[in-house]
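The values are calculated or read from the model by the stated rules, or taken from the named source; none is laboratory data. What you see is a predicted model, and the numbers here were worked out from it, not measured in a lab. Backbone-built Cβ (ideal geometry, glycine too); neighbour counts: all protein chains shown. Calculation scope for accessible area: heavy atoms of the full protein, side chains included, ligands and nucleic acids excluded. Shrake-Rupley method; radii C 1.70, N 1.55, O 1.52, S 1.80 Å.
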Amino acid sequence: MMTSQELASYFRESLCIFDLKATNKRDALAEMVDAACVAHDIKDRGLILEMLLNRESLGSTAIGSGVAFPHGRTLA
């Protein structure tokens with residue numbers, strides 16, 4: 001089992017958003033995509049948002065208490 005310190009090593013504080021302004025899932029994902037696009041100079045925001053929305057349609061990535069780990073795969 002992974003320790004909390006090992007788990008924390010996979011996250012970057014700059015990509016953790018502790019005060020989302022969104023009030024629904026779509027807007028929350030859009031806000032997260034915007035942050036990732038700025039942090040990584042990503043140009044195709046729409047492609048990433050669409051991929052995350054498609055992934056969420058298969059099942060939520062939320063784990064509770066306002067915490068989620070949106071993720072997905074793309075060939076782009």
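Of all residues in region 51-65, which are open to solvent by 90 Å² or more (accessible area, probe 1.4 Å) and under 13 Å from Lys25 (Cα atoms)? Correct list: Ser57 only. Residue count for region 10-50 satisfying the condition of being among the polar types (S, T, N, Q) and either in contact (Cβ under 8 Å) with a residue 40 or more places away in the chain or open to solvent by less than 90 Å² (accessible area, probe 1.4 Å) (or both): 2.
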